[in-house]
1. With N set to the residue count of chain A, report its C-alpha Rg divided by 2.2 N^0.38 Å to two decimal places.
2. Work out the P(r) tail for the range A:335-415: percent of alpha carbon pairs separated by more than 18 Å, whole number.
3. Nearest 20 debye, what's the magnitude of the dipole of the range A:1-62 about its Cα centre given +1 on Lys and Arg Cβ and -1 on Asp and Glu Cβ?
4. Taking every eigenvalue of the Cα gyration tensor of the range B:81-163, multiplying by 5 and rooting it, what semi-axes result, largest first, whole Å?
5. Applying the Karplus parametrisation 6.51 cos²θ - 1.76 cosθ + 1.60 with θ = phi - 60° to the phi angles of the range A:407-416, what ³J(HN,Hα) value in whole Hz is obtained for each residue in order, glycine and proline being reported as x?
6. Normalised by the number of residues in chain B, what is the relative contact order in percent for Cα pairs under 8 Å and 6+ residues apart?
7. Between A:G279 and residues 5 or more places away or on another chain, which pairs have amide H atoms under 5 Å apart, with H built 1.01 Å from N, and which residues are they?
8. For the protein assembly as shown, state the semi-axes of the equivalent ellipsoid (square roots of 5 times the eigenvalues of the alpha-carbon gyration tensor), sorted largest first and rounded to whole angstrom.
Amino acid sequence: MIRRTIDAVVVGGGSAGLAAALRLREAGATVAMVEREPFLGGILLQCIHSGFGLQEFGEDLTGPEYAERFIRPALNAGIEMYLDATVTEIGEDATGRSVTALSRAVGVVRFSARAVVLAMGCRERNRGNVAIAGTRPAGVLTAGLAQRLVNIEGCVPGKNVVIVGSGDIGLILARRLTLVGCTVRAVVEIQSYPSGSVRNIAQCLNDYSIPLHLGHVVTRIEGRDRVEAVRVAPLQDGRPLTGREFRIPCDTVLLSVGLIPENELSRAAGVPINEGTAGPWVDADMMTGARGIFACGNVLHVHDLVDFVTEEARRCADRAAAYLKGDPREEMIPVKAGANVRSIVPNACAPGRRNVLYLRSLVVKNDALLELSAGGEKLRTKRLAHVQPSEMIRFGLEAGAIQNINSGTALEVALR
Amino acid sequence: MALLERCVDVSFGVSKANSGIIHAGFHHSPSSLKARLEIEGNRAFDGLQAELGFPFRRVGIVVAAFSVEEMKTVDHLYEQGVENGARDVEIVGRDRLLALEPALSRDVVGGLFAPSGGIIEPYRFVFALAESAAANGVFLFTGWEAVRAHRQNDAWHITSAAGEDCAARWVVNAAGLRADAVSAMFGAERFTIVPRKGEEFILDKGSAGPPSRVIFPVPARTSKGVLVIPTVEGTVMLGPTADEGGDKDDTTTTPENLERVFRFASQMVPRISKRDIITSFAGLRPTLPGDDFMIELSRAAPCLVQVAGIQSPGLTASPAIAERVKALLMSGGLELVEKADWQPGIPRMHRTRDHAPWELDQLVARDPAYAHLVCRCEGVSEAEVVEAIRKGHTTLDGIKYYTRAGMGRCQGGFCTYRIMRLVARETGMPLERITKHGPGSELVLGHIGDRP
C-alpha cells in the first residue's frame with residue numbers, strides 16, 4: 001500500500017472534479033485526483049452533441065470540447081492524477097481524512113488529506129427503480145449506457161427502439177440513434193408535458209418525425225431472449241388505462257428515467273444525505289455534514305447544465321481552499337424548502353457573502369413568484385416566467401441581502 | 001459421467017431464480033419425502049461449504065404470527081418440525097421474537113424460530129458443484145438440448161438439437177420444468193410438470209437496515225407465503241408469489257404482484273420501501289400433483305432415474321437427493337466404486353471486496369487486475385471477471401451470477417461495456433456476438449457504418 005500526504009483529494013475527474021481541482025491548485029493547494037475511467041472528462045466524453053458552454057464560454061461546444069477546456073490545464077497544473085482508479089473508502093486519520101483507492105497501475109494507495117471534494121456524479125435510474133413489468137430479455141438498457149455504446153464503442157444497440165422518458169438525454173439519444181440508422185418507434189413520457197427542453201423536442205423529435213406519447217407508460221416488456229415489443233397505455237388518474245393499451249414492436253428499450261446522485265461512498269463516510277436531492281447536505285461553504293468533506297456537481301444534486309456544474313465546483317473549491325488556509329468560518333443561516341419547492345442547495349447561507357441558490361420546483365407554473373422569507377417575514381420576491389420540476393432554478397443573493405435575520409431563524413424559499 | 005444442460009450455462013434454469021434459502025425442516029408434513037430430504041440436506045451444507053466455499057450463512061429463520069389464530073398454525077409448524085427432526089426449533093413469544101429480529105413489526109404476537117435455517121447464493125452453489133464435478137471427471141455439456149433418446153445394446157443413445165450424440169448405460173432425468181418431456185422422450189412415466197410462478201423483488205444493499213434473519217409469514221395453503229430475505233450478499237429479497245400457470249417460459253413480472261408483495265412484506269417489516277427496488281425477476285417452480293418430490297427408478301423405462309417435481313425445498317434437499325439417486329442407481333444394478341483420487345474441494349476464488357486494503361497488496365502483486373474494479377456497485381475486480389470468463393462463463397448473465405458484476409444498484413449501467421470488452425479481449429469474440437444469456441440475446445446488433 002502506497003501512502004501519500006496531500007492537501008486535498010478530488011474524487012472524480014468529470015466536469016465538477018476538474019473545475020474544483022484546477023481551482024484548488026490555483027489557490028496553492030496540493031491536489032490528487034482519482035478518476036475511475038482511463039480518461040478525464042467523465043460523462044461529457046460520450047456527449048458528442050453540442051449545446052455545452054453557452055454560459056461559461058459564450059460558445060456552443062460539444063461535450064468533449066467542453067471537457068478539453070479543463071483537461072489540458074488540469075494535466076499541466078501539477079495535479080497528482082490517478083486514472084483508471086476507484087476510491088473504495090473515505091475515513092478519518094490524524095491529518096483529517098483518509099482516502100483509499102485502487103488501480104491497476106499503483107495497486108492500493110491511501111491518501112492522508114485535510115480536505116476531500118466529492119465529485120462522483122450520478123447514476124441512471126434503471127428498470128428496477130421504475131418497476132417496469134414483463135420479461136427480462138437483452139435489449140433493455142439505460143440511455144447513458146446506450147449513448148456510451150454508440151458514441152464510444154461504435155456499436156448500434158438495436159434497430160427498432162422505444163425510449164422511455166422525454167428528458168434531454170432521451171431526446172438527444174433519439175436523434176443520435178436515428179442518425180446512425182436505427183428507427184426510433186416512440187418516446188414514452190409518463191408526465192403530461194415533456195421533461196426535456198422545447199428546443200430538444202423540436203430538434204430531436206419533431207425534425208425526425210419521432211412520435212412522443214405524453215401521459216403514457218410502458219406497462220410491459222415482451223420477448224424472451226431479445227426484446228420483441230413493449231405495451232404502452234395512457235394514464236388516467238395515475239393508473240394505466242388497460243383498455244387503451246397498444247403494442248409497439250421493437251428490439252430495444254432505452255430508459256431515460258432520471259438520475260440519482262451516487263453517494264454510497266459519501267454515506268459510508270458518514271456524510272448526512274439530504275432526502276430532497278439525494279445528495280449530501282451542504283452549508284454555504286459547500287461543506288457536507290462531515291468536517292473537511294466538500295461536494296459539488298451531480299453528486300450533490302442533478303444539474304441540467306454543465307456550465308452550472310463548473311460554477312458550483314469553483315465555488316466549492318474556493319471554500320475548500322479557504323478551509324485549508326484555516327480561514328475563520330462565518331456563522332450561517334439555515335435554508336429550507338418552502339411551498340412548492342422540492343429541494344434547495346445549499347442548505348445554509350452565509351449572510352456576509354454572495355450566495356447562489358439552486359432549487360427545483362414541485363409544480364409546473366407560468367408567471368411564478370419566488371419568495372424568500374424568514375420567520376414569516378417576506379424578504380424578497382422574484383418573478384419567474386415559467387417553472388417546472390425538470391428545470392433547475394438558479395437564484396443569486398448578493399452579500400448583505402439576508403443580514404438582519406435573527407440567529408436560529410431559517411431562510412425559507414417558496415414558489416407561489 | 002456426462003452432465004447435459006440445455007442452457008448455455010449451468011444454473012440458468014430453475015436454480016437461478018431460487019430464493020436462496022436453506023430451509024429448516026418444519027414446513028412440510030412428516031409423511032412427505034421432501035420433509036425427510038430437507039432435513040438431511042440442511043445438515044450437509046456446513047460440510048459442503050467447507051469444501052466448495054460458496055456464500056452461505058445459518059442466520060436462522062423466524063415465522064412471524066400476527067394473531068392468536070396464526071399462533072395455532074405456529075404450534076402446528078413446531079410439532080411438525082420436531083417430528084421431522086428440525087434442529088433446535090422453538091416457539092417464541094413476542095419479546096423474544098422482536099429481540100431475535102428487531103426489523104419485525106411491533107404488531108407481531110409471537111412465532112417460531114429455527115436457528116438451522118440459512119441463506120445461500122444459489123448460482124454460486126451450483127457453479128461450485130459443477131466445478132467440483134468437472135474436476136473429478138464429469139464431462140459438462142452446456143447448450144446441449146436433448147431431443148431424442150433410444151435404447152440400443154444396453155445403452156441409452158441421446159441426440160441433441162444440434163445433432164450430437166451421447167451414449168450412457170444409465171440416465172438421471174433432472175430436467176426441472178421439462179422433466180415431463182424428458183420422461184416421455186425415454187418412453188417412461190407420463191406425468192405433467194406444472195410451473196408455479198414466483199416473482200421476487202430485490203432491494204438495494206443500502207436500504208434501511210436489512211433484517212438479520214429470514215422472515216416467513218404464517219404459511220397459506222399453497223405456498224410458504226411472501227418472505228423478507230436478507231440475502232447472503234447484503235441485498236434484501238421480497239417474495240416469492242405463487243401463481244400456477246401453463247407456460248414454462250412465462251417469467252414475466254406484473255404490477256399487481258409488485259403491489260401484493262410489498263403489501264405483505266411491509267406488514268411484517270414496515271421499514272422496507274419501493275424506492276429501494278433495484279430489480280425484479282420471476283422463477284418457475286416445477287410442481288407435480290400432490291406437491292411432493294418424485295425420486296425413483298422408472299418402472300416404465302430401463303436404467304432411468306426420475307428426479308422430478310423438485311420445487312421448494314429442492315435446493316436445501318439437493319445433497320440428500322443426490323444420495324438418494326446414488327442409492328437408487330446402485331439398487332438398480334449400477335456398480336459404483338468411490339474413486340481413490342476423488343477431491344471434492346475446489347480452489348477458493350479471491351474477491352477484492354473481501355480483503356482489507358492492507359491485505360490486498362499480496363493479491364495485487366500476484367495479479368494487478370485485482371486492483372482494477374470493473375463493477376463499482378458490488379466491488380468486483382477485473383481479475384474476478386476474467387476468472388469467470390476463463391472458466392467458460394462468457395455470457396453477461398453467467399458472469400453476473402459468477403461474480404455479481406452487474407447485480408448491484410446500477411444493474412449494469414456502468415459495467416456492461418467494461419464486461420463486454422473483457423469478454424471480447426479474453427475470447428476474441430466480436431462485441432456483437434456477446435449475449436446476455438445465450439444465442440438470440442445478443443447485446444448489440446451491429447456497428448456504426450454497417451451496410452444494411
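1. Values: Rg = 22.4 Å, N = 416, 2.2 N^0.38 = 21.8 Å.
That works out to 1.03 for chain A.
2. When every Cα pair of the range A:335-415 is considered, 35 percent fall beyond 18 Å.
3. Using only the charged Cβ atoms, the result is roughly 400 debye.
4. 49, 16, 14
5. After applying 6.51 cos²θ - 1.76 cosθ + 1.60, I find 5, x, 8, 9, 8, 10, 10, 10, 10, 10 Hz.
6. The value is 17 percent.
7. A:N274
8. Values: eigenvalues 514, 182, 161 Å².
Working from the Cα gyration tensor, I get semi-axes of 51, 30, 28 Å.
The values are calculated or read from the model by the stated rules, or taken from the named source; none is laboratory data. Every value quoted in this text rests on a predicted model; they were computed, and no experiment measured them. Here Cβ is always computed from backbone atoms with ideal geometry, including for glycine, and neighbour counts include all displayed protein chains. For accessibility, only protein heavy atoms count, side chains too; no ligands or nucleic acids. Shrake-Rupley method; radii C 1.70, N 1.55, O 1.52, S 1.80 Å.
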